[in-house]
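For reference, the structure discussed in these notes is given below.
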Amino acid sequence: SDAICNFVICNDSLRSQPIIFNPDFFVEKLRHEKPEVFTELVVSNITRLIDLPGAELAQLMGEEDPKLPGANSSASGFFRSLMSLKRKEKGVVFGSPLTEEGIAQVSQLIEYLHKNLRAEGLFRVPGNSIRQQILKDALNSGTDIDLDSGEFHSNDVATLLKMFLGELPEPLLTHKHFHAHLKIADLTLFDEKGNKTSTPDKERQIEALQLLFLILPAPNRSLLKLLLDLLYQTAKKQDKNKMSAHNLALMFAPHILWPRNVSTNDLQENITKLNNGVTFMIKHSQKLFKAPTYIRECARLHYLGSRAHTSKDDLDLLTSPGSKELQPLKSQKRSRLDTCHQEETQQRTEEALKELFRHVHNMPDSAKKKKLIRQFNKHPTALTPGSDVPASPAPRRTRSRSFSGLIKRKVLGTPVILERKSRAATPEPERVSKENVHLLQKCGSPAHMSQSKLKSLEGRKEESCRRMRAHLLSKDSSSL
């Protein structure tokens, strides 16, 4: 519950500061409220990275007791009974199962060591046994300790921290996770032919440890984070304290990873793997306590009511650009939208043309009206209600279907081109003005009329218009 409550900073003195959101909030919420769902989600991704047979998977899930190396030998049984005799007198902190109270007491030691990382041989050089016993009794009794008083040395505190970890009933990383850590150490890269190499696959190892740490008990995970942070900072100052990450792993692997009550001979085959595993944890400790991105996304989707995905592969499939299942649906939807848009545009165009024709039809008789009507008649496909003028069928051509092109063809036309076509072609009876109609009636049908007669008719018309304009101009000048 504390991990969930700590996802924001809510301090009255820092109200002006921005709220810091914890990206693992939904992960912690899912772990706290639905532990079974959370465990199944994490374990399914662990088995995707490492191969765990049925028995080892059951041990990881807690369904079977862990089968540890040397557990059936008589020597290990004697060793186990000897250790149990030593731990009969359990204190509140030392020798007891890990609790939040014990972590609170031990955190004083870790905080003090963060201030004294320059001591040479830290965690390797033993401290004074008398001072360590005094400090141990004080921690077990729960009394406050002033470690900065100078009464205790940093080697005393470092040795006592190792003693606390060594007296836990089981290692900090638990017996259930032992086989999983051995498999993580075997994760290596593959070559171009798909064969395993000796090069460790660091990215997969980090991802597997992130998942494995998520299903640790909450007290174990809290103390492990404090401890690895301390060892990481200690290794950064190895030029002063002479303690590298590998040297620190040799000191702490028996306390946090080795199974309890087993001898060195039982682990002879795996000691190198275990030590290297702890070395890797120390070097990459700043990345191991963040949930993988796909686990965060699954937890967030679980609480937002969306479809939760069970693995990283599901998220990769949905986010991949080559998702073939969604493409037909998107194309069908897009085609339906395009069809509806075209039909709506065509309907609006037809309505606009109808309204325009009505407006032209109701105009008073004039040359402009006749010209517009001729343009409408040249396009029989135009919807012109109430048009009694017969339209001759025009040859079908491949034309632009754009909205602007349609309006230009239906309404505006191209006056220059139309005028050239009218001059080149024989005028039809319905497109000739009234004066030309009278002349045609006198001279006969257009079929019997020659080109010279038509030109003379046009010349007379232009001459009469010229005389009328000259007459009007003279009348206006005389009035002025």
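Please enumerate the residues belonging to the stretch 291-325 that are within 18 Å of residue 211 (Cα to Cα), modelled with pLDDT of 90 or more and either β-branched (Val, Ile, Thr) or surrounded by fewer than 16 Cβ atoms within 10 Å (Cβ to Cβ) (or both).
Hits for the stretch 291-325 are 293, 295.
Determine if the stretch 187-206 includes at least one residue that is out of contact with any Asp or Glu (no Cβ under 6 Å at 6 or more places or on another chain), of a type in the set (A, V, I, L, M, F, W, C) and part of a helix (DSSP H, G or I). Don't jump to the end; show me each part of the working.
First pass over the stretch 187-206, keeping only residues out of contact with any Asp or Glu (no Cβ under 6 Å at 6 or more places or on another chain): 190-196, 198-206.
Then drop every residue that is not of a type in the set (A, V, I, L, M, F, W, C), which leaves 190, 206.
Subset that is part of a helix (DSSP H, G or I): 206.
Looking for residues that are out of contact with any Asp or Glu (no Cβ under 6 Å at 6 or more places or on another chain), of a type in the set (A, V, I, L, M, F, W, C) and part of a helix (DSSP H, G or I), one finds at least one in the stretch 187-206, hence yes.
Is it the case that residue 183 is among the charged types (D, E, K, R), modelled with pLDDT of 95 or more and open to solvent by 10 Å² or more (accessible area, probe 1.4 Å)? Spell out how you get there, then give the answer.
Details: among the charged types (D, E, K, R): yes; modelled with pLDDT of 95 or more: no; open to solvent by 10 Å² or more (accessible area, probe 1.4 Å): yes.
Judged against the criteria, residue 183 is not a match.
Tell me which residues, restricted to the stretch 224-243, are surrounded by 16 or more Cβ atoms within 10 Å (Cβ to Cβ) and in a loop (DSSP other than H, G, I, E, B).
If the condition is that a residue be surrounded by 16 or more Cβ atoms within 10 Å (Cβ to Cβ) and in a loop (DSSP other than H, G, I, E, B), then 243 is the only one that fits.
Could you check how many residues of the stretch 131-173 are within 30 Å of residue 62 (Cβ to Cβ) and touching a Pro at 6+ places or on another chain (Cβ under 7 Å)?
2
Sort out which residues of the stretch 272-290 are open to solvent by 30 Å² or more (accessible area, probe 1.4 Å) and free of Cβ contacts under 8 Å to residues at least 60 places away in the same chain, and write them in order of number.
Within the stretch 272-290, 272, 283, 286 meet the criteria.
Take the residues in the stretch 87-145 that are touching a helix residue (DSSP H, G or I) at 6+ places or on another chain (Cβ under 7 Å) and among the β-branched types (Val, Ile, Thr); name whichever of them is modelled with the highest pLDDT.
110
The values are calculated or read from the model by the stated rules, or taken from the named source; none is laboratory data. Not measured: the values here are computed from a predicted model. Positions of Cβ are backbone-derived with ideal geometry, glycine not excepted, and every protein chain shown enters the neighbour counts. The area values use the complete protein model at the heavy-atom level, side chains included, leaving out ligands, DNA and RNA. Shrake-Rupley method; radii C 1.70, N 1.55, O 1.52, S 1.80 Å.
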